[in-house]
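Structure first, then comments.
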Amino acid sequence: MRSILFMIFFLICSVSAEEKEIIPNNRDGHCDLCGSCQCIRRVPVVKPTTKKIEKICVHVKYEDEVIPGPSCLCGEHHGDDACGCFWYRLWKPTWAKVITKKIPVSTRVTREVPSYEWVVEERCCQCQ
């Protein structure tokens with residue numbers, strides 16, 4: 001039982017040591033604004049930044065389409081070619097209808113919007 005607890009404690013300590021290496025250490029003991037080294041405090045400071053936001057916009061595109069109505073038979077015609085004689089019918093359209101179709105179109109837009117982020121800085125008493 002003790003060996004299991006020791007292994008768990010060892011794993012927790014090793015993970016926290018690795019995390020400390022990843023976090024940048026900017027504690028040099030000097031003020032980030034004026035360079036003074038008296039009364040240094042770590043304070044949160046808001047910094048303006050820009051953030052990129054991707055948005056999908058959906059628009060409607062209109063397209064006209066012709067739907068033909070019934071046709072009437074006008075007669076038959078005779079034709080000749082290298083294969084021989086043939087007959088074909090002639091059809092005449094009577095009317096047609098125009099309809100407008102709505103086609104959805106999506107586009108991706110990347111926008112840059114102003115944003116803020118919090119940064120921890122070292123400041124002296126005079127620069128706060």
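The values are calculated or read from the model by the stated rules, or taken from the named source; none is laboratory data. Please read all numbers here as calculations on a predicted model, not as lab measurements. Every residue, glycine among them, receives a Cβ derived from its backbone with ideal geometry; neighbour counts consider all protein chains shown.
For region 102-123, residues that are over 28 Å from Thr50 (Cα atoms) and either among the aliphatic types (A, V, I, L, M) or surrounded by 10 or more Cβ atoms within 10 Å (Cβ to Cβ) (or both) total 2.
Evaluate region 97-118: report whether one residue or more is touching a strand residue (DSSP E or B) at 6+ places or on another chain (Cβ under 9 Å), of a type in the set (Lys, Arg) and closer than 30 Å to Leu33 by Cβ.
Within region 97-118, not a single residue is touching a strand residue (DSSP E or B) at 6+ places or on another chain (Cβ under 9 Å), of a type in the set (Lys, Arg) and closer than 30 Å to Leu33 by Cβ.
If you go through region 79-95 and pick out every residue that is without any contact (Cβ under 8 Å) to a residue 12 or more places away in the chain and surrounded by fewer than 10 Cβ atoms within 10 Å (Cβ to Cβ), you end up with 8.
Among residues of region 66-78 that are at negative phi and of a type in the set (Val, Ile, Thr), none has a Cβ under 6 angstrom from a residue that is outside any strand (DSSP E or B) and modelled with pLDDT of 90 or more at a sequence gap of 6+ or on a separate chain.
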